[in-house]
Amino acid sequence: MKDALGILGDLRRPRLLVKAAKHGSREYNRETHLSQLLGFGRLPRHGAALMKLVDIEAELNEQRLRKDATYSIPHHVEVLAVMMGEARLMREAVAI
């Protein structure tokens, strides 16, 4: 089974989504942004958070591909940005 960073490395999404998410990930604040997506309370460790985010993003991508009326581009960008920010923090924590 792949780890969270391996799964992220394999994602293939439209360039515009990724570019917008990269821009948004620069402002990533774990307590604020991750709490908004996963719910308030104790935040999970980086790996567990990334796996939950991968599941959320996969559903959003399915909605995008199905052209589902409930699909939200801003929400998809937000989830991708949080994934990128969380991955960056995870890499930094491992490097210490």
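Tabulated data
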{"item": "Subset of the stretch 10-47 (residues that are under 12 Å from the mean Cα position of the chain (by Cα) and farther than 14 Å from Val79 by Cβ)", "result": "Arg30, His46, Gly47"}
{"item": "Exclusive hit being touching a Gly at 6+ places or on another chain (Cβ under 9 Å) and acidic (Asp, Glu), set Glu92, Glu62, Glu27", "result": "Glu27"}
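Read-outs: derived from the displayed coordinates by stated rules, not from any lab. Fair warning: this is a prediction, and the values are worked out from it, not measured in the lab. All Cβ positions, even for glycine, are placed from backbone atoms using ideal geometry, and neighbour counts span all protein chains on display.
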